[in-house]
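Everything below concerns the one structure shown next.
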Number of protein chains: 2
Amino acid sequence: MKFELLHKDPASKARAGKLTTAHGEIETPIFMPVGTVGSVKAVTQEQLREEINAQIILGNTYHLYLRPGLEILRQAGGLHGFNGWERPLLTDSGGYQVFSLANNRKIKEEGCVFQSHIDGSRHLFTPENVMDTQRVIGADIIMAFDECPPYPSEYKYAKQSMELTHRWLDRCIRRFKGTDPIYGYEQALFPIVQGSTYKDLRKISAEVIASKDCLGNAIGGLSVGEPEEDMYEMCELVCDILPTEKPRYLMGVGTPWNILENISLGVDMFDCVMPTRNGRNGMLFTWQGVINIKNKKWATDFTPIDANSPCIATSKYTKAYLRHLFAAGEILGMQLASIHNLAFYLELVKEARKRILEGTFAAWKEGMVKQLRQRL
Amino acid sequence: MKFELLHKDPASKARAGKLTTAHGEIETPIFMPVGTVGSVKAVTQEQLREEINAQIILGNTYHLYLRPGLEILRQAGGLHGFNGWERPLLTDSGGYQVFSLANNRKIKEEGCVFQSHIDGSRHLFTPENVMDTQRVIGADIIMAFDECPPYPSEYKYAKQSMELTHRWLDRCIRRFKGTDPIYGYEQALFPIVQGSTYKDLRKISAEVIASKDCLGNAIGGLSVGEPEEDMYEMCELVCDILPTEKPRYLMGVGTPWNILENISLGVDMFDCVMPTRNGRNGMLFTWQGVINIKNKKWATDFTPIDANSPCIATSKYTKAYLRHLFAAGEILGMQLASIHNLAFYLELVKEARKRILEGTFAAWKEGMVKQLRQRL
């Protein structure tokens with residue numbers, strides 16, 4: 001995997017780059033749609049490629065481990081073979097889902113014991129077997145097994161959790177280096193900075209993570225309920241420590257304005273369920289602001305969300321029709337809203353990248369953040 | 001509206017034709033996907049056009065009348081303007097839904113009083129206002145208001161119901177002729193043959209309907225629970241009476257083998273929710289037979305449903321992946337199954353048409369009906 005830093009914005013810490021993987025190139029900054037169980041919810045792969053212009057999508061190790069399970073994934077030639085997505089893939093480590101979805105989880109030094117949210121069956125995730133699992137899934141970028149502490153966390157808990165994450169990281173790296181990719185192409189392991197909202201912990205964690213000299217680095221444990229200002233403060237502090245020449249991935253973030261703000265702090269990669277999850281609930285993100293399409297005010301608005309968009313969901317279907325689909329409980333409403341939101345997120349990072357390359361990002365970002373937050 | 005009969009199969013009563021409407025041509029025999037509330041469930045219009053090759057789709061008057069309602073439809077320029085579908089549209093009269101979905105319905109000579117299944121509000125459908133409603137919806141083909149008796153029905157009830165349908169038809173025709181299209185293009189009214197499973201009633205009804213000299217004719221009240229043999233017997237009897245030079249539409253039918261059998265009896269047009277409804281439930285219709293994709297046997301079948309199909313849902317996604325999507329409750333499973341089934345239905349009638357034009361339909365149909373019914 002290769003990362004080229006193409007340009008730095010003169011008036012912010014924003015960067016434009018290019019990440020090359022075995023399954024293709026990724027232009028950064030990038031947003032990565034989340035394909036939880038091997039499917040970006042309500043979106044076909046043709047739509048991901050042709051309407052949304054997704055360059056890389058995520059899979060969730062926790063979900064894929066439970067269903068379809070490793071035996072089927074191995075037989076299919078990994079997730080690429082299983083779902084037919086030919087572009088780059090990234091998998092998380094399952095840590096976040098174990099802590100947010102699974103039942104009766106118990107964290108030990110060895111790893112985490114939990115019960116499946118589907119059938120209650122008992123499982124153990126360790127740094128080692130999570131690496132093995134991600135070898136089987138076969139994503140281009142795989143994540144270290146970490147603990148993501150909730151917000152707020154007591155300082156003591158946050159510190160112990162961070163130290164556990166660091167010890168788990170060493171075990172991840174050992175296992176990762178001791179094993180080969182199964183399907184013949186390179187996988188890159190990204191470690192994850194933790195430390196909750198404590199500056200000294202974030203600093204320590206960023207230094208530890210930077211010292212591992214991995215091909216890319218991630219920031220976890222943010223956008224979990226803390227004020228936006230805390231997120232930005234932690235993100236900036238960490239970005240200033242993480243190596244410049246490696247891609248930086250801020251996990252689970254966020255709104256369109258969160259993304260622009262964090263790009264300006266030096267983040268290169270983002271993922272979030274928000275465009276799809278909120279989309280399925282009728283919330284649309286647009287260049288002019290946020291639309292709740294279920295609102296009665298759209299019932300007779302026969303204009304599309306944005307007539308100039310290259311995305312068909314955005315430019316062809318009217319707001320009145322979309323509102324009707326949600327009012328009538330039609331699946332197509334969820335589909336169109338998901339496609340629109342993802343296409344918008346990808347347009348947003350594309351435009352940000354163009355501005356960075358032009359050297360006009362910082363001023364553009366200031367105005368845009370205000371506009372994107374508006375409720376229409 | 002113009003119907004050209006291009007060829008009759010020498011060994012059956014199958015016909016190939018071309019129906020020309022203000023929104024384009026329809027090659028018959030044709031299957032029409034059902035877009036209940038103005039959306040073919042879980043399918044985008046791009047997919048309808050490009051993957052499924054739908055030539056005409058349906059809307060349900062009952063549903064559209066309740067939601068989004070006539071005021072919005074009128075403002076949008078009718079259903080074409082509202083949902084953006086530029087090809088031909090057909091609407092049913094609402095009769096079937098009033099009798100199957102609405103609450104506290106009461107049939108009177110004047111029409112039918114019912115309560116909305118959505119909010120319990122009271123409404124009255126009459127032959128006259130159903131014509132007016134279908135003028136507002138603006139489909140190219142609109143249907144007469146009829147009563148569709150359940151199966152089985154007592155002879156006496158079936159006869160009275162049929163006679164009411166005939167009286168309502170005269171009122172429909174009067175209103176239809178006394179009003180103009182709202183959006184500047186022609187609409188055609190199709191009357192509906194009823195008569196339950198009674199041969200003498202079907203004969204009377206077909207003669208009455210034929211005598212009205214409408215631009216096309218429909219057969220209703222079949223595929224409502226009667227044995228397949230009864231359906232075929234009634235259909236043949238009716239087709240033999242309906243005028244040759246007008247298109248014949250068999251409403252609400254059916255399975256792939258039902259469609260081939262009824263084509264061979266002289267039917268030109270079909271609609272049914274089966275490909276989408278059963279698709280959403282994991283039932284796939286294929287050239288080789290019927291697949292329940294939820295079955296465990298498909299979990300490691302890494303072949304597509306049909307590698308040679310032009311439909312992406314059919315040729316690109318594997319059975320194992322599709323089964324996984326259903327097992328995990330992913331919306332994408334419903335989407336792909338709906339697209340596949342509709343594309344298959346459209347391929348089926350296209351192939352039937354080709355065989356009719358070649359003169360090889362009857363023998364092909366015999367073998368195909370057996371094959372299509374198999375459970376894989």
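The single condition among (1) part of a helix (DSSP H, G or I); (2) touching a Phe, Trp or Tyr at 6+ places or on another chain (Cβ under 8 Å); (3) open to solvent by 20 Å² or more (accessible area, probe 1.4 Å) that B:G225 does not satisfy is (1). A residue that is buried (at least 24 other Cβ atoms within 10 Å of the Cβ), at the interface with another protein chain (Cβ under 10 Å from one of its Cβ atoms) and either touching a Pro at 6+ places or on another chain (Cβ under 7 Å) or of a type outside the set (A, V, I, L, M) (or both) can be found somewhere in the range A:28-35. In the range B:292-310, of all residues being assigned to a loop (DSSP other than H, G, I, E, B) and within 11 Å of chain A (Cβ to nearest Cβ), the one that is least open to solvent (accessible area, probe 1.4 Å) corresponds to B:A299. Among the residues of the range A:333-348, those identified as more than 11 Å from every other protein chain (Cβ to nearest Cβ) and surrounded by 24 or more Cβ atoms within 10 Å (Cβ to Cβ) are A:A337, A:H340, A:N341, A:L342, A:A343, A:F344, A:Y345. Of the listed requirements (1) free of Cβ contacts under 8 Å to residues at least 24 places away in the same chain; (2) over 19 Å from the mean Cα position of the chain (by Cα); (3) in a helix (DSSP H, G or I), B:E351 misses just one: (2). Pairs meeting the criteria (first residue in the range B:279-290 and closer than 21 Å to B:L332 by Cβ, second residue in a loop (DSSP other than H, G, I, E, B) and open to solvent by 10 Å² or more (accessible area, probe 1.4 Å), beta carbons under 6 Å, at least 6 apart or on different chains) are B:G282/B:K294; B:T286/B:I305. Here A:F176 fits the description: touching a strand residue (DSSP E or B) at 6+ places or on another chain (Cβ under 7 Å), open to solvent by 20 Å² or more (accessible area, probe 1.4 Å) and either touching a residue at least 40 places away in the same chain (Cβ under 8 Å) or in a loop (DSSP other than H, G, I, E, B) (or both). Scan the range B:143-164 and give yes if some residue there is at pLDDT below 95 and in contact with a Lys or Arg (Cβ under 8 Å, 6 or more places away or on another chain), otherwise no. No; the residues of the range B:143-164 include none that is at pLDDT below 95 and in contact with a Lys or Arg (Cβ under 8 Å, 6 or more places away or on another chain).
Given (1) touching a residue at least 12 places away in the same chain (Cβ under 8 Å); (2) more than 22 Å from B:E245 (Cβ to Cβ); (3) not in a loop (DSSP other than H, G, I, E, B), identify the lone condition not met by B:E163. That leaves (1) as the condition not met. Here A:R167 fulfils each of the conditions (1) closer than 19 Å to A:Y62 by Cα; (2) open to solvent by 40 Å² or more (accessible area, probe 1.4 Å); (3) not aromatic (F, W, Y) apart from (1).
Tell me, yes or no, whether the range A:41-49 has at least one residue that is in contact (Cβ under 8 Å) with a residue 40 or more places away in the chain, within 14 Å of chain B (Cβ to nearest Cβ) and touching a Leu at 6+ places or on another chain (Cβ under 6 Å). Within the range A:41-49, none of the residues are in contact (Cβ under 8 Å) with a residue 40 or more places away in the chain, within 14 Å of chain B (Cβ to nearest Cβ) and touching a Leu at 6+ places or on another chain (Cβ under 6 Å). Selection of the range A:140-156 for residues being under 17 Å from the mean Cα position of the chain (by Cα) and assigned to a loop (DSSP other than H, G, I, E, B) yields A:D140, A:A144, A:F145, A:D146, A:E147, A:C148.
Among the residues of the range B:118-131, is any farther than 17 Å from B:Y65 by Cα, in a loop (DSSP other than H, G, I, E, B) and hydrophobic (A, V, I, L, M, F, W, C)?
There is no residue in the range B:118-131 that is farther than 17 Å from B:Y65 by Cα, in a loop (DSSP other than H, G, I, E, B) and hydrophobic (A, V, I, L, M, F, W, C).
Of the residues making up the range A:80-97, those that are more than 10 Å from chain B (Cβ to nearest Cβ) and assigned to a helix (DSSP H, G or I) are A:H80, A:G95, A:Y96, A:Q97. Residues of the range A:320-332 include at least one that is open to solvent by less than 30 Å² (accessible area, probe 1.4 Å), assigned to a loop (DSSP other than H, G, I, E, B), closer than 19 Å to A:K296 by Cα and within 7 Å of another protein chain (Cβ to nearest Cβ). Figure legend. Inter-residue proximity from the range B:62-73: first residues more than 9 Å from chain A (Cβ to nearest Cβ), second residues of a type in the set (K, R), beta-carbon distance below 9 Å, spacing 6+ or different chains. No pairs are indicated.
Condition check: buried (at least 18 other Cβ atoms within 10 Å of the Cβ) and modelled with pLDDT of 95 or more. Does B:G282 satisfy that? Here the answer is yes, as B:G282 does meet what is asked.
The values are calculated or read from the model by the stated rules, or taken from the named source; none is laboratory data. No experiment lies behind these values; they were computed from the predicted model shown. Cβ: placed from backbone, ideal geometry, glycine included. Neighbour counts: every protein chain shown. Side chains are part of the model used for accessible areas, which takes the heavy atoms of the whole protein and leaves out ligands, DNA and RNA. Shrake-Rupley method; radii C 1.70, N 1.55, O 1.52, S 1.80 Å.
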